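Right, one structure below, let's go through it.
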Amino acid sequence: MSEFADVLATLRRIRGISPFFVLDVGRPGPDWLPGEAVLEGPALPGVLDAIGARYRTDERRVAASLFFLSWTARLLCPVVGAAVVDGRVLDVRPQNLWWRYDDTAGLAVRLAEPAFGPDVPEALAPVVAAVRSVVPVAAGLLWGNAASSIAGALRTVVRTGTATREECERWGSRLLSAPPLTGAGEFLDLPGDLFFRRRSCCLYYRLDGGGTCGDCSLPRG
(Lines give C-alpha, C1' and ligand atoms only; values in the text may rest on other atoms or scores of the structure.)
Protein backbone atom coordinates (compact mmCIF):
# COMPACT_ATOMS: atom_id res chain seq x y z
CA MET A 1 0.00 0.00 0.00
CA SER A 2 1.34 3.45 -0.90
CA GLU A 3 2.00 5.98 1.85
CA PHE A 4 -0.85 8.11 0.47
CA ALA A 5 -3.37 5.30 0.85
CA ASP A 6 -1.79 4.13 4.11
CA VAL A 7 -2.25 7.54 5.77
CA LEU A 8 -5.84 7.82 4.54
CA ALA A 9 -6.57 4.40 6.01
CA THR A 10 -5.08 5.48 9.33
CA LEU A 11 -7.14 8.67 9.36
CA ARG A 12 -10.30 6.65 8.74
CA ARG A 13 -9.46 4.33 11.62
CA ILE A 14 -8.99 7.10 14.18
CA ARG A 15 -11.75 9.54 13.23
CA GLY A 16 -14.32 7.64 15.29
CA ILE A 17 -12.41 8.11 18.56
CA SER A 18 -13.76 11.65 19.04
CA PRO A 19 -14.28 14.77 16.90
CA PHE A 20 -10.80 16.02 17.86
CA PHE A 21 -9.30 12.97 16.13
CA VAL A 22 -10.81 13.93 12.77
CA LEU A 23 -8.22 15.40 10.40
CA ASP A 24 -9.34 16.09 6.84
CA VAL A 25 -7.04 16.19 3.83
CA GLY A 26 -6.77 18.37 0.78
CA ARG A 27 -7.03 21.97 -0.32
CA PRO A 28 -10.08 23.64 1.25
CA GLY A 29 -11.99 26.82 0.38
CA PRO A 30 -10.50 30.26 -0.27
CA ASP A 31 -10.84 31.42 3.33
CA TRP A 32 -8.20 28.93 4.50
CA LEU A 33 -4.52 29.87 4.86
CA PRO A 34 -1.47 27.76 4.03
CA GLY A 35 0.31 26.47 7.10
CA GLU A 36 3.35 28.67 6.51
CA ALA A 37 1.15 31.75 7.08
CA VAL A 38 1.32 31.03 10.81
CA LEU A 39 5.09 31.46 10.74
CA GLU A 40 5.33 35.01 9.36
CA GLY A 41 3.15 37.85 8.23
CA PRO A 42 -0.02 39.37 9.71
CA ALA A 43 -2.12 36.20 10.16
CA LEU A 44 -0.87 35.10 13.59
CA PRO A 45 -0.92 38.55 15.24
CA GLY A 46 -4.44 39.03 13.86
CA VAL A 47 -5.61 35.72 15.28
CA LEU A 48 -4.11 36.54 18.70
CA ASP A 49 -6.01 39.83 18.66
CA ALA A 50 -9.22 37.96 17.80
CA ILE A 51 -8.66 35.43 20.59
CA GLY A 52 -7.99 38.21 23.09
CA ALA A 53 -11.24 39.92 22.10
CA ARG A 54 -13.20 36.66 22.19
CA TYR A 55 -12.03 35.82 25.70
CA ARG A 56 -12.01 39.44 26.91
CA THR A 57 -8.35 39.56 27.87
CA ASP A 58 -5.73 42.16 27.06
CA GLU A 59 -2.90 39.81 28.12
CA ARG A 60 -1.28 38.80 24.85
CA ARG A 61 0.56 35.89 26.44
CA VAL A 62 -2.80 34.41 27.50
CA ALA A 63 -4.11 34.73 23.95
CA ALA A 64 -0.88 33.17 22.65
CA SER A 65 -1.24 30.24 25.04
CA LEU A 66 -4.88 29.69 24.05
CA PHE A 67 -3.95 29.73 20.37
CA PHE A 68 -1.21 27.17 20.84
CA LEU A 69 -3.46 25.00 23.00
CA SER A 70 -5.95 24.90 20.14
CA TRP A 71 -3.20 24.27 17.57
CA THR A 72 -1.80 21.32 19.52
CA ALA A 73 -5.20 19.90 20.44
CA ARG A 74 -6.37 19.90 16.81
CA LEU A 75 -3.14 18.34 15.52
CA LEU A 76 -1.82 16.14 18.31
CA CYS A 77 -5.04 14.23 18.89
CA PRO A 78 -4.84 12.66 15.42
CA VAL A 79 -1.06 12.35 15.73
CA VAL A 80 -1.45 10.41 18.98
CA GLY A 81 -4.29 8.34 17.54
CA ALA A 82 -2.22 7.38 14.51
CA ALA A 83 0.77 6.52 16.68
CA VAL A 84 -1.25 4.29 18.99
CA VAL A 85 -3.23 2.60 16.22
CA ASP A 86 -0.55 2.26 13.54
CA GLY A 87 2.74 3.13 15.20
CA ARG A 88 3.53 6.05 12.90
CA VAL A 89 3.44 9.84 13.24
CA LEU A 90 1.48 12.04 10.84
CA ASP A 91 3.21 14.91 9.05
CA VAL A 92 1.81 18.00 10.80
CA ARG A 93 4.59 20.41 9.93
CA PRO A 94 3.27 23.83 8.86
CA GLN A 95 4.24 23.23 5.24
CA ASN A 96 1.82 20.30 5.14
CA LEU A 97 -1.17 22.12 6.62
CA TRP A 98 -4.06 24.42 5.89
CA TRP A 99 -5.66 26.40 8.69
CA ARG A 100 -8.17 29.10 9.54
CA TYR A 101 -9.53 30.85 12.60
CA ASP A 102 -13.16 31.82 13.00
CA ASP A 103 -14.48 33.86 15.93
CA THR A 104 -17.39 31.44 16.35
CA ALA A 105 -15.94 28.05 15.44
CA GLY A 106 -12.39 28.71 16.60
CA LEU A 107 -9.34 27.11 14.99
CA ALA A 108 -9.56 24.49 12.25
CA VAL A 109 -6.68 22.65 10.58
CA ARG A 110 -6.30 20.06 7.85
CA LEU A 111 -3.50 18.23 6.08
CA ALA A 112 -2.36 19.38 2.67
CA GLU A 113 -1.15 15.88 1.74
CA PRO A 114 -1.61 12.53 3.52
CA ALA A 115 1.89 11.74 4.70
CA PHE A 116 3.82 10.44 7.67
CA GLY A 117 6.38 12.81 9.07
CA PRO A 118 8.93 13.73 11.72
CA ASP A 119 8.45 13.60 15.48
CA VAL A 120 6.31 16.10 17.35
CA PRO A 121 9.06 18.54 18.45
CA GLU A 122 10.29 19.01 14.89
CA ALA A 123 6.76 19.64 13.63
CA LEU A 124 5.89 22.13 16.38
CA ALA A 125 9.20 23.98 16.88
CA PRO A 126 8.64 26.50 14.03
CA VAL A 127 5.19 27.37 15.42
CA VAL A 128 6.57 27.80 18.94
CA ALA A 129 9.22 30.14 17.54
CA ALA A 130 6.61 32.08 15.56
CA VAL A 131 4.36 32.57 18.58
CA ARG A 132 7.28 33.73 20.71
CA SER A 133 8.36 36.18 18.00
CA VAL A 134 4.97 37.88 18.36
CA VAL A 135 4.48 37.54 22.12
CA PRO A 136 7.21 37.05 24.77
CA VAL A 137 5.61 33.94 26.24
CA ALA A 138 7.76 31.27 27.89
CA ALA A 139 8.79 28.39 25.65
CA GLY A 140 8.24 25.96 28.53
CA LEU A 141 4.63 27.07 28.78
CA LEU A 142 4.01 26.37 25.09
CA TRP A 143 5.72 22.99 25.18
CA GLY A 144 3.71 22.24 28.32
CA ASN A 145 0.57 22.92 26.26
CA ALA A 146 1.78 20.39 23.70
CA ALA A 147 2.46 17.82 26.43
CA SER A 148 -0.99 18.45 27.87
CA SER A 149 -2.57 17.88 24.45
CA ILE A 150 -0.67 14.61 24.05
CA ALA A 151 -1.77 13.43 27.49
CA GLY A 152 -5.37 14.48 26.88
CA ALA A 153 -5.44 12.58 23.60
CA LEU A 154 -4.07 9.47 25.28
CA ARG A 155 -6.67 9.76 28.03
CA THR A 156 -9.41 9.82 25.39
CA VAL A 157 -7.90 6.79 23.68
CA VAL A 158 -8.02 4.91 26.99
CA ARG A 159 -11.56 5.99 27.83
CA THR A 160 -12.90 4.91 24.43
CA GLY A 161 -11.24 1.50 24.70
CA THR A 162 -9.10 2.09 21.61
CA ALA A 163 -6.01 1.02 23.57
CA THR A 164 -5.21 0.01 27.11
CA ARG A 165 -3.92 2.34 29.80
CA GLU A 166 -0.59 0.49 29.79
CA GLU A 167 -0.21 0.92 26.04
CA CYS A 168 -1.02 4.62 26.27
CA GLU A 169 1.41 5.15 29.15
CA ARG A 170 4.14 3.62 27.02
CA TRP A 171 3.25 5.88 24.12
CA GLY A 172 3.11 8.86 26.44
CA SER A 173 6.59 8.14 27.75
CA ARG A 174 7.85 7.73 24.19
CA LEU A 175 6.23 10.88 22.78
CA LEU A 176 7.33 13.01 25.73
CA SER A 177 10.89 11.70 25.81
CA ALA A 178 12.21 13.96 23.04
CA PRO A 179 13.43 17.44 23.99
CA PRO A 180 11.97 19.99 24.54
CA LEU A 181 9.01 17.89 25.69
CA THR A 182 11.25 16.12 28.17
CA GLY A 183 10.28 17.18 31.66
CA ALA A 184 7.10 18.97 30.56
CA GLY A 185 5.09 16.74 32.89
CA GLU A 186 4.65 13.25 34.17
CA PHE A 187 2.08 10.47 34.28
CA LEU A 188 0.95 9.74 37.81
CA ASP A 189 0.82 6.23 39.21
CA LEU A 190 -2.82 6.30 40.26
CA PRO A 191 -5.45 3.60 39.77
CA GLY A 192 -8.14 3.84 37.13
CA ASP A 193 -7.85 6.62 34.58
CA LEU A 194 -4.71 7.93 32.88
CA PHE A 195 -3.51 10.86 35.02
CA PHE A 196 -0.99 13.49 33.93
CA ARG A 197 0.45 16.50 35.75
CA ARG A 198 2.23 19.20 33.77
CA ARG A 199 5.00 21.37 35.22
CA SER A 200 3.87 24.66 33.70
CA CYS A 201 0.60 26.56 33.59
CA CYS A 202 -1.37 27.41 30.45
CA LEU A 203 -2.63 30.67 32.06
CA TYR A 204 -6.29 29.77 31.62
CA TYR A 205 -6.85 30.89 35.20
CA ARG A 206 -6.01 34.45 34.08
CA LEU A 207 -9.31 34.68 32.16
CA ASP A 208 -12.36 36.20 33.75
CA GLY A 209 -14.22 33.17 35.09
CA GLY A 210 -11.33 30.84 34.25
CA GLY A 211 -9.89 28.28 36.62
CA THR A 212 -7.22 25.61 36.76
CA CYS A 213 -7.18 22.66 34.38
CA GLY A 214 -7.21 19.04 35.51
CA ASP A 215 -3.47 18.62 34.85
CA CYS A 216 -2.43 22.03 36.15
CA SER A 217 0.72 22.44 38.23
CA LEU A 218 -0.86 25.20 40.33
CA PRO A 219 -2.29 24.22 43.72
CA ARG A 220 -6.06 23.97 43.92
CA GLY A 221 -7.67 26.69 45.87
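The values are calculated or read from the model by the stated rules, or taken from the named source; none is laboratory data. Nothing here was measured: the structure is a model prediction, and the numbers come from that model. No Cβ is skipped: glycine too gets one built from the backbone with ideal geometry, and neighbour counts run over all protein chains shown. Please note that ligands, DNA and RNA were not included when accessible areas were found on the heavy atoms of the full protein model with its side chains. Shrake-Rupley method; radii C 1.70, N 1.55, O 1.52, S 1.80 Å.
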Projected onto the charge dipole of the chain (unit charges on the beta-carbon of Lys, Arg, Asp and Glu, signs +1, +1, -1, -1), the Cα from PHE21, PHE196, PHE4 with the largest positive-side position is that of PHE196
So what are the radius of gyration and Dmax for the Cα set of the range 56-106, in Å?
13.6, 42
I'd like the distance between the alpha-carbon centres of the range 76-93 and the range 117-172, rounded to an integer number of Å.
11 Å
When a/c reaches 1.5 or more, the comparison of a/b and b/c decides; with that in mind, is the chain rounded, prolate or oblate per its Cα gyration tensor?
oblate
Rounded to the angstrom and largest first, Cα extents along the principal axes for the range 128-204 equal 40, 25, 20
Spread of Cα-to-Cα distances over 5 Å intervals beginning at zero, given as percent, for the range 8-54:
5, 17, 16, 15, 20, 16, 10, 2
Once you list every other residue whose beta carbon is under 13 Å from the beta carbon of SER149, what net charge do they have if Lys and Arg are +1 and Asp and Glu are -1?
+2
Length-normalised contact order for the chain - Cα pairs under 8 Å, 6+ apart - percent
22 percent
Over 12 Å, how big is the tail of the calculated P(r) for the range 150-189, in percent of all Cα pairs?
55 percent
Cα-based Rg then Dmax for the range 1-108, in Å, read 15.1, 50
Output the antiparallel fraction of DSSP beta bridges having both residues in the chain, as a percent to the nearest 5.
95 percent
Nearest-20 debye value, the range 12-112 charge dipole, Cβ charges on Lys, Arg, Asp, Glu
380 debye
Counting only helical runs of four or more DSSP H residues, what would the 222 nm mean residue ellipticity of the chain come to if each run contributes -39,500 (n - 2.57) and the total is spread over all its residues?
-15000 deg cm²/dmol
What do you get for GluC sites (Glu not before Pro) in the range 12-62 restricted to DSSP loop and a cutoff of at most 14 other Cβ within 10 Å of the site's Cβ?
GLU40
Net charge near PRO191: determine it from the other residues with C-beta under 14 Å of the C-beta of PRO191, scoring Lys and Arg +1 and Asp and Glu -1.
-3
If you place +1 on the Cβ of every Lys and Arg, -1 on the Cβ of every Asp and Glu, and leave all else neutral, what size is the dipole of the chain about its Cα centre, to the nearest 20 Debye?
400 debye
Keeping the other protein chains in place, figure out the carbon and sulfur percent of the accessible area of the chain, with a 1.4 Å probe.
51 percent
So which DSSP H runs in the chain come out at 18 Å plus along the axis (Cα) with average Kyte-Doolittle of at least -0.5?
60-86, 120-134, 139-159
Could you work out the relative contact order of the range 1-132? I mean the mean sequence separation of Cα pairs under 8 Å and 6+ apart, divided by the number of residues, in percent.
35 percent
How big is the charge dipole of the range 135-206 about its Cα centre, in debye rounded to the nearest 20, if each Lys and Arg gets +1 on its Cβ and each Asp and Glu gets -1 on its Cβ?
220 debye
Neighbour net charge for VAL134 - beta-carbon separation under 11 angstrom, K R +1, D E -1:
+1
Taking the solvent-accessible surface of protein heavy atoms with a 1.4 Å probe, what is the per residue accessible area of the chain in Å²?
47 Å²
